[in-house]
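A short worksheet on the structure shown next.
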Amino acid sequence: MNSKHMIAAFCAAGLACGALADDSKPAPEAEETAELSWAPGEGVTYGETPIVSTEVGVAFDSRYMTYGVIDGKDPIVTPSATMTFFDWVYLGVSSIFDVTKANGKRGGYGNRAGQYTTLDTTVGLAHEFDLGEDVGTLGFDFNYIYEYIRRYHGSMDDTQYLNLELTLGGHWLEPTLAIERDLMADEGTYVNLSLAHEFALIDGEGEDDDPILAFTPSVGQGLGNTLRVRHYDFTRHGEEVDRGGLMDSTIKGELAWNFAPGLSLTGYIAYSDYLFDSHLRDGAREHNAAWGHGCNHSWNFYGGLALTASF
């Protein structure tokens, strides 16, 4: 082989090796382009960053219950809407409507069947923090509520609240601690600690999807300071109950049906009573008795339905 043929052979071998080397290199990955997108139940996102989401709903409750006592014997309807920005800040509004005239007449504000009685506006911060497999997920919600109470004969009974709710998820029993501070009506404080567990009856299609059908039982215990209890004018044997203590104990079962993307229907039944403080139990009994026949006890059974759309 002469020199010209040798040079040509080496060049051909070099080109072949270069081609083999190029083929062995992985193809460069396509750059991911972030863009705005929308999906029901998730809202608007930019790539994987949440931008804005909205939730609207309407709830029906068989009785108007607060702190385990009756604030309205007949059913109420509560429409609501919430808009959340960047998975952190949210704005909300809700209103309570009487279904019959009985609540207003016995509650001292006249016949408001089919009319609203309260209007709540809310601004809050809420987020979930992943603290690892051992600790779980910490849910945080801190909000301010201004509650407008519809006027009756010129009365002004509005109030304001600060609320803090902490939930620890990722465990068989998930605890929730809720703290409410009234800033205007009575400056009272109410605390509730509950434990819940979700049973998935029909799993969702994806690994991270919510169950299509789930049942969640829970138990909760409320605690009120003296100002919170005093606001309800509890009496015992004709004398004012002027003390704080353990208030409502509640057992609740909730069934949630996520029947379409972003759409859910939930129903619940609950039992509550003042189990651990005889003074407050007698006060709750007399408070409830003011709502007429069949209410002269400290315990109550009640339930409700709620339809929610998220987009």
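Descriptive notes on the structure:
- In this simple spin-label model, placing a label point 7 Å from the Cα along the Cα-to-Cβ direction at both Phe85 and Thr235 gives a separation of 5.0 nm.
- Selected from Trp172, Thr159, Leu131, residue furthest toward positive end of dipole (region 127-173; charges at beta carbon): Thr159
- Calculation over all alpha carbon pairs of the chain in 10 angstrom steps from 0 returns a P(r) of 5, 19, 31, 19, 9, 4, 3, 3, 3, 2, 1, 0, 0 percent.
- For the pair Val93 and Met184, label points projected 7 Å from Cα toward Cβ lie 1.6 nm apart.
- FRET efficiency for the pair Gln221 and Leu166, taken as 1/(1 + (r/R0)^6) with r the Cβ-Cβ distance and R0 = 22 Å, rounds to 0.90.
- Spin-label proximity, Ala200 to region 212-240 - amide N less than 18 Å from point 7 Å beyond Cα toward beta carbon: 212-217
- Protein accessible area in the chain, 1.4 Å probe - carbon and sulfur %: 60
- With the charge dipole of region 172-262 set up from +1 on Lys and Arg Cβ and -1 on Asp and Glu Cβ about the Cα centre, the Cα lying farthest toward the positive end among the listed residues Gln221, Phe259, Gly244 is that of Gly244.
- Accessible surface computed residue by residue for the chain, with neighbouring protein chains in place and a 1.4 Å probe, gives 60 Å² per residue.
- Between 0 and 90°, nearest 10: helix 278-289 axis offset from the chain longest Cα axis: 80
- A protection proxy built from the mean count of other Cβ atoms within 10 Å ranks the segments 187-198, 41-52, most packed first, as 187-198, 41-52.
- Reachable aspartates and glutamates from Lys252, criterion Cα separation under 15 angstrom, eight or more residues apart if same chain: Asp61, Glu174, Glu198, Asp273
- At full extension, Ile251 and His153 could sit 31.4 nm farther apart than now, given 0.36 nm per residue minus the alpha carbon distance.
The values are calculated or read from the model by the stated rules, or taken from the named source; none is laboratory data. Keep in mind the model is a prediction, meaning the values are calculated, not measured. Note: ideal-geometry Cβ built from the backbone for every residue, glycine included; neighbour counts use all protein chains shown. Side chains are part of the model used for accessible areas, which takes the heavy atoms of the whole protein and leaves out ligands, DNA and RNA. Shrake-Rupley method; radii C 1.70, N 1.55, O 1.52, S 1.80 Å.
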